[in-house]
Structure formats: structure tokens, C-alpha cells
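Peer 1: Got a structure for you, questions after.
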Amino acid sequence: MNNIVITSDSTSDLSSELRQRYNINILPLGVTLGGKVYKDGVDITPDDIYAHHDKTGELPKTTAANVDECYNFFKGFTDEGKTVIHFDISSQMSSTFNNARIAAEELQNVYVIDSANLSTGIGLLVIAAAEMVNEGLEAEEIVAKINDMVPKVDASFVIDNLEYLYKGGRCSALAAFGANMLKLKPCIEVKNGAMGVSKKYRGRYADVLKTYVSERLGDGSDIDNSRVFVTHAGCDEEVVKQVVEQVKESGIFKEVFLTRAGCTVSSHCGANTLGVLFIRK
């Protein structure tokens, strides 16, 4: 029997169904809101964050898992004789990876991977690793293959409103005001572990998403067709349905997974945020 356990921090935004299906264990990050500390996805949800923001105007602070939390999490598995392959949000976005790496050095058979990504950009790598475990690959081989895959993840989101980015200090008041006046919808892309604006779309959000999806997918010739994530932070149901149908109609992917973004993406970008995430060949 394979003794490898796949784990991830909570920013991988995998649904409970997918966590069950692929046997993924989650280390929740901290979310501070209204002076209280919560565990991401355990006792706080994005909808709690939106409700608090609508009432008070306050946004949460997300906090990294510290070395002790990582150590205790890993030790629970290594004490049972398991080998752990753990995934974290990009080391450029959080100190979680570094803390996990330090914790792993104190234990045997713990591998920590810097996903250089966030949300289901991490989730894609996590599922790929879980499939390799099921195929019977050894831990070192899985880690090497995943590290080769890291730069091939195509992760991007289109944001409808810049209010959350502005309040979180990620864009200026002028940029936010200008974008909202001009109905600009920025596309945030993850490149080399960092987030940046790759393009600005203009117009109604539902129309913008149509263009965004067809541009990202192209003819599909350079895309790994195993799976794609449509991940959103609480968008209108009709808009989400439209995107899922468009992705399915492209005929590129064997599986289309629809997931809600967790507290990290939601608190940085706001509710009307949607991305299509996949792996390129």
C-alpha cells in the first residue's frame, strides 16, 4: 500500500467533493476579521467576509500558517509512518511555504512544494500529484514531475470591481476610480509566482468573460486536456453557468470542475471575480 499523503494549505480552493475524491488533507490558514482569528474554510467563509465588509467596510487580514502549526500538521502523518507531499501558496505571496519548509526540516519524509500559484492553480498540481500516488509513483519522482509542471499552470482571474484591491492596498484610488468609470475589468494573471495585470477588458462583465475565456483557451492545441477549473468568488449564478457552458462547448477538457474561491482570493478581489485555470503542455 502506498504510504504517501498529499496535503495542501487552504488556499488551493478545492471543494470538499474533490478533497474526498483525491484524499487531500488541508492545513487551514488564518483569517483575522473584526479582531477575531478564524481558520480559513473551517469557521469562516467568503460570504461571512462579504457580509462583514458590507456592514463595516472592513476587510480581513489573511495570516500564514506558522512553523509550529506546520510542524504539528505534518507530524500527525509522519508519526503514522506516512510520507507527506505538501503544497503551499506561492512563496512570493505568503510566508507559509517558508514556514512549512522549516518545519519539514525537523521531520523525516516531508516534501514541501512551492506552487508559485494560488487558488485552483495550486489545486491543479495537488490533483496531478494525487493521481501519481494512485499510479504507484515514489515520492521523489512525484516531486520532480510536479516541479516540472509548476511553470505550466495557467492561472488568471477577471475582476469586475476594484474596490477590494484598492482597500487591500493593491491598487491606487485613482486607478480604481478610473477603472470603474471606464468599466475596465482587469485580468489578473499569475506569472513566476506573482500576480500582475495582464490585460484590461472593457464592457459588461458577462460579455468580458466570454472574450476572456475564448482568448485564454485559444484552439486548445497547447493545453493539457485532463481538466480545467472554473473558479469564482461568488459571481451571479447565470454568469457562472454561461462560462461553464462555454468551457464545455470548447470540447478541450475531459473534466470541468466548478469551485468557489476561498477566503484568500475572495478577500483580495471581491465577489465578482472569476477565473479559468488549467495546465499547458
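None of the figures in this text is laboratory data; all of them are computed from the coordinates on show. As the structure is a prediction and not an experimental result, all values here were calculated from the model. Cβ placement follows ideal geometry from the backbone for every residue including glycine, while neighbour counts extend to all protein chains displayed.
Peer 1: Taking Lys36 as the anchor, which lysines have their alpha carbon closer than 24 Å to its alpha carbon, excluding any fewer than eight residues away along the same chain?
Peer 2: Here the lysines satisfying the reach criterion relative to Lys36 are Lys55, Lys61, Lys167.
Peer 1: Applying the Karplus parametrisation 6.51 cos²θ - 1.76 cosθ + 1.60 with θ = phi - 60° to the phi angles of the stretch 246-259, what ³J(HN,Hα) value in whole Hz is obtained for each residue in order, glycine and proline being reported as x?
Peer 2: 4, 5, 5, 5, 5, x, 7, 9, 6, 10, 10, 9, 9, 9
Peer 1: Find how much the distance from Val37 to Arg204 grows on full extension, using 0.36 nm per residue of separation minus their present alpha carbon separation; answer in nm with one decimal.
Peer 2: Contour length minus Cα-Cα distance gives 56.5 nm.
Peer 1: Sticking with this one: Using alpha carbon centroids, what distance separates the stretch 201-245 and the stretch 82-136, in Å?
Peer 2: Between the Cα centres of the stretch 201-245 and the stretch 82-136 lies a distance of 27 Å.
Peer 1: Here's something else I'd like to know. Using θ = phi - 60° and the Karplus curve 6.51 cos²θ - 1.76 cosθ + 1.60, what whole-Hz ³J(HN,Hα) does each residue of the stretch 71-81 get, with Gly and Pro shown as x?
Peer 2: After applying 6.51 cos²θ - 1.76 cosθ + 1.60, I find 4, 5, 5, 5, 4, x, 8, 5, 4, 8, x Hz.
Peer 1: Work out, in µm²/s and without decimals, the Stokes-Einstein translational diffusion coefficient of the chain at 10 °C, 1.306 mPa s, Rh from Kirkwood over C-alpha pairs. Walk me through the numbers before you get to the answer.
Peer 2: Values: Rh = 19.2 Å.
The calculation lands on 83 µm²/s.
Peer 1: Rounded if a/c is under 1.5, else prolate if a/b beats b/c, else oblate: with a ≥ b ≥ c from the C-alpha gyration tensor eigenvalues square-rooted, which is the stretch 10-93?
Peer 2: Prolate.
Peer 1: Provide the FRET efficiency to the nearest 0.05 for the Asn3-Thr63 pair, computing r from the beta carbons and using R0 = 25 Å.
Peer 2: Taking R0 as 25 Å, the efficiency between Asn3 and Thr63 is 0.20.
Peer 1: Would you please give the residues with an amide H less than 5 Å from that of Ile44, counting only those at least 5 places away or on a separate chain, with H modeled from the backbone geometry?
Peer 2: HN-HN under 5 Å from Ile44: Lys39.
Peer 1: With θ set to phi - 60° and the Karplus curve 6.51 cos²θ - 1.76 cosθ + 1.60, what are the ³J(HN,Hα) couplings of the stretch 98-115 in order, to the nearest whole Hz, using x for Gly and Pro?
Peer 2: Each residue's phi maps through the Karplus curve to give 4, 5, 5, 5, 5, 4, 5, 5, 7, 10, 8, 6, 10, 10, 10, 10, 7, 5 Hz.
Peer 1: Assuming 0.36 nm per residue, please report the length gained on full extension of the stretch Lys55 to Leu258 beyond their Cα-Cα distance.
Peer 2: So the extension gain works out to 70.2 nm.
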